[in-house]
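Notes follow the structure.
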Amino acid sequence: MKTIIAAHSGVLRGTGLSILSALQDLSWLSKSKVEKQLQIISVLQWVLTFLVMGIACTVILMYILCTDCWLIAAMYLAWLVFDWNTPKKGGRRSQWVRNWTIWRYFRDYFPVRLVKTHNLLTNRNYIFGYHPHGIMGLGAFCNFSTEATGVGQKFPGIRPYLATLAGNFRMPILRDYLMSGGICPVNRDSIDYILSKNGSGNAIVIVVGGAAESLNCMPGKNSVTLKNRKGFVKLALRHGADLVPVYSFGENEVYKQVIFEEGSWGRWVQKKFQKYIGFAPCIFHGRGLFSSSTWGLLPYSKPITTVVGEPITVPKIDHPSQREIDFYHSLYVSSLIKLFEKYKTKFGLQETEVLDID
C-alpha cells in the first residue's frame, strides 16, 4: 500500500513540475507577445498622428461646433487664438510626455539607437543637420523629441528642438501634441527666437533635405539633398550657432516607396505639392499590422542608428557674405562625409558604399 501511495505521489509530483514548467514557458511567451504588440501599437499611433491626426482633429472640432457641446469647441478656439504664437517662441515642451513609456516601446520596435561622438558645451547653441529624411524621419523623432534613447543624459544641459513643417502648428490638438515633445516650426521666426532669446544650450534639429529628399529615399540608397541647401548655414552664422552633422543609418530602410522618374506625371504632381503646400505626397508602404509579409502602414522593424558628429565652431556674423556661407557649407559637407565614412561599416554598410550629395 505504501509503495502504491509513494508511486502516486511521484507521479503527481512529476505532473506538477511538468505543468509548472509549461506555465513558465507560456508566461514567457505571453510576455514576449505582449511586448511586441505594445511596440506595434506605439509605432502605429505615431504613424497615424503623422498622417491623419491634424485633419481628423480639425474635422472633429468643426463637428462639435455644430452640436450641443459647441461651447467646448468655442472655448478651445478662443484658447487657440490666444496661444497662436507659442510655437514660434520655443513651444511648450513637457518632460512628462517626453518620458512616456510608450516611446521606449517605439524605440525597441526597430530598434532606434543614439550614438554620441563628442561632448557639446552648454554655453553654445547648435544647429543639428539631420540626414537623411526618410519617409517620416522616425529616427529624428525618437531621438530628439522623446527621451527614449537618452538624449538628455548623453548631452546634459542641451535642449533639442526638432523643427518640422509650420503648417502642422495650425492644426488643433496636433500642435499641442507636437509642442509637448519639443517640436517647433521650421521657419525663421521660431529659429531666431530659440537661438537668440532662449539662452544657451539649445540645439535645433533641421532635416535639411526636407520633402525633396523624401521623394528619393529607398532601401539600400544613401543619398542626401544638400548641395544647394545653405539656408541653415546662414542661420548658424547669423546667430553664431555651431553646426553639427547627424547621420541616421537605417532611416531609408523602414519603408519602400514608388520612385517616379524626373519628367513623369507622378513627379510633376509631387513637386507641385511640395512647392505650394510644403510637403511631397509619397506612395509608400511598410508591413501589415498582423503580418510582416503583407503590406501596410507600419514601418519595417529595421535598426536605425543615429550618429551625432563633431560640432563645427561657427562665428557670429550679422550679415554673412555668400563667400562665408559657402565656406562653412563646404566644411559641413566634408564633416558629414567624414562621419558617414567612419561609421558606415559599423552599422551594416559595405566598405565600398559612398554617400551621394545631391
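The values are calculated or read from the model by the stated rules, or taken from the named source; none is laboratory data. Predicted model only: the values in this text are computed from it and were never measured. When we count neighbours, we look across all protein chains shown, and the Cβ atoms used for this are built from the backbone with ideal geometry, even at glycine. Surface areas here come from the heavy atoms of the whole protein model, side chains and all, with no ligands, DNA or RNA. Shrake-Rupley method; radii C 1.70, N 1.55, O 1.52, S 1.80 Å.
Odds and ends about this structure:
- Applying a DSSP loop filter and a limit of 15 other Cβ atoms within 10 Å to the trypsin sites (Lys or Arg not before Pro) in segment 241-348 leaves Lys316.
- Qualifying trypsin sites (Lys or Arg not before Pro) in segment 164-245, DSSP loop, other Cβ atoms within 10 Å at most 11: Lys197, Lys227
- Cα centroid separation, segment 247-275 to segment 313-354 (Å): 24
- Span-rule helices in the chain, defined as complete DSSP H runs reaching 30 Å or more along the axis (Cα) with Kyte mean at least 0.0: 2-48
- Segment 32-66 versus segment 145-212: alpha-carbon centroid distance in Å: 21
- Sites count as exposed loop sites when they are GluC sites (Glu not before Pro), lie in a DSSP loop, and have at most 10 other Cβ atoms within 10 angstrom; the longest stretch of the chain without one is 1-260.
- Rolling a 1.4 Å probe over the heavy atoms of the protein chains gives the chain an accessible area of 52 Å² per residue.
- Extension gain (nm, one decimal) between Asn99 and Gln322, 0.36 nm per residue minus Cα-Cα: 76.1 nm
- Residue by residue, segment 123-135 carries 3J(HN,Hα) couplings of 8, 10, 9, 9, 10, 8, x, 9, 9, x, 5, x, 7 Hz when phi is fed to the Karplus relation 6.51 cos²θ - 1.76 cosθ + 1.60 (θ = phi - 60°); x denotes Gly or Pro.
- Here r is the Cβ-Cβ distance between Lys346 and Thr67 and R0 is 45 Å; the resulting FRET efficiency, rounded to 0.05, is 0.20.
- Proximal aspartates and glutamates relative to Lys302, as straight alpha-carbon distance under 19 Å, when same-chain residues fewer than 8 apart are discounted: Glu35, Asp108, Glu251, Glu253, Glu353
- Segment 214-223 - phi-based ³J(HN,Hα) in whole Hz, Karplus 6.51/-1.76/1.60, Gly and Pro as x: 5, 5, 10, 7, 7, x, x, 10, 10, 9
- Accessible area per residue was computed with a 1.4 Å probe on protein heavy atoms; Asp68 scores about 150 Å².
- Shape class for segment 109-258: rounded, because the ratio a/c of the largest to smallest gyration tensor axis (alpha-carbon atoms, square roots of eigenvalues) is under 1.5.
- Largest to smallest accessible area among Ile127, Ile357, Ile55, Ile337 [probe 1.4 Å]: Ile55, Ile337, Ile357, Ile127
- Taking label points 7 Å from Cα along the Cα-to-Cβ direction, Ser200 and Val59 give a separation of 5.0 nm.
- Given the choices (1) 47; (2) 35; (3) 38, percent of Cα pairs over 29 Å apart derived from the coordinates of this structure is entry (1).
- Full-stretch length increase - Arg170, Lys154 - with 0.36 nm per residue and alpha-carbon distance subtracted: 2.5 nm
- Partner aspartates and glutamates for Lys271 [C-alpha distance under 20 Å; skip if fewer than 8 residues away on the same chain]: Glu213, Glu261, Glu262, Asp358
- Portion, in percent, of the accessible area of segment 241-344 that falls on carbon or sulfur, probe 1.4 Å: 61
- Summarising the label geometry, the points placed 7 Å from Cα in the beta-carbon direction at Lys338 and Lys272 lie 4.5 nm from one another.
- Note on Asp358/Leu80: beta-carbon distance plugged into 1/(1 + (r/R0)^6) with R0 of 35 Å gives a FRET efficiency of 0.35.
- Positive-end extreme of charge dipole, the chain - chosen from Val43, Trp295, Ser32 (charges on Cβ): Ser32
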